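The values are calculated or read from the model by the stated rules, or taken from the named source; none is laboratory data. This structure is a prediction, so every number in the text was calculated from the model and none was measured. Here the Cβ is made from the backbone with ideal geometry for all residues, glycine too, and neighbour counts use every protein chain on show. We work out accessible area using only protein heavy atoms, side chains counted, and drop any ligands, DNA or RNA first. Shrake-Rupley method; radii C 1.70, N 1.55, O 1.52, S 1.80 Å.
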Amino acid sequence: ETLLPSEKAWAYRMKMEAMKRQVGRPKINCAQVGPNFGKRTRDLIAEETGESKNQISRYIRLTELIPPFLEMVDGGRLAFNPAVELSYLSPENQTILFSIMERDELSPSLAQAQNLHKLSSLGKLDESAIEAILLTEPVLKKKVTLKVERIAPYFPRGTNPEEMEAVILRLLASWQRSREQKRAHESSER
């Protein structure tokens, strides 16, 4: 079963906190300490999960994101590495950034997220700086990916992906025209 990035992040964080509490408990004798005494908790989690300790740290950083960003990461609308960089921003700056991203339908690149992180660490990040970074540097527009397996049942067997795309684009154009006609009709009734 595949876990969402936010689920992994919170699971790793809770495990690390539990292990740190356990290490802090007094021991009766050295034999009870075991072979793992002194190993960093992230190293132990990494050994158990097969992930690198750096990847464990990155997942745990995600728990510092505001909920809308975590939802975007889970939904694939915000890439993992930029999300890690954004986790270093204050909740206030994350909220401002989220509003700008939603308004302008943008998603920051890794370089942009790193620039935001850097300005934040220098105490120079505000709304105008966020907008300047997002709107002046090349940005990644949101993209939609449709898996062939999910849309194939709606097409005759043997339809190739390019033909599927052409049909979908024609249907979207038709749908848009009907929405515009409906809006025009509603406006004329007022």
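Quick look at the values:
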| quantity | calculated |
| --- | --- |
| Only one of Ser107, Ser187 that is of a type in the set (Ser, Thr, Tyr), at negative phi and in contact (Cβ under 8 Å) with a residue 12 or more places away in the chain | Ser107 |
| Failed item, numbered, when Gln176 is tested on (1) open to solvent by less than 50 Å² (accessible area, probe 1.4 Å); (2) out of contact with any Leu (no Cβ under 7 Å at 6 or more places or on another chain) | (1) |
| Selection within segment 152-162 - at pLDDT 90 or above and assigned to a helix (DSSP H, G or I) | Pro153, Tyr154 |
| Lone qualifier among Arg42, Arg25 - being loosely packed, with under 11 Cβ neighbours inside 10 Å and at pLDDT 50 or above | Arg25 |
| Residue, most open to solvent (accessible area, probe 1.4 Å), within segment 105-127, restricted to residues that are closer than 16 Å to Met72 by Cβ and out of contact with any Lys or Arg (no Cβ under 6 Å at 6 or more places or on another chain) | Leu110 |
| Residue within segment 75-88 that is open to solvent by 80 Å² or more (accessible area, probe 1.4 Å), in contact with a His (Cβ under 7 Å, 6 or more places away or on another chain) and either not β-branched (Val, Ile, Thr) or not in a helix (DSSP H, G or I) (or both) present | yes |
| Among the residues listed as Lys124, Lys182, the single one being of a type in the set (D, E, K, R) and not in a helix (DSSP H, G or I) | Lys124 |
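This table checks each residue for (1) exposed (fewer than 12 other Cβ atoms within 10 Å of the Cβ); (2) more than 30 Å from the chain's Cα centre (by Cα); (3) among the hydroxyl-bearing types (Ser, Thr, Tyr).
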residue	(1), (2), (3)
Ile100	no, no, no
Arg103	yes, no, no
Ala129	no, no, no
Thr136	yes, no, yes
Arg150	yes, no, no
Phe155	no, yes, no
Ile168	no, no, no
Glu180	yes, yes, no
Ser187	yes, yes, yes
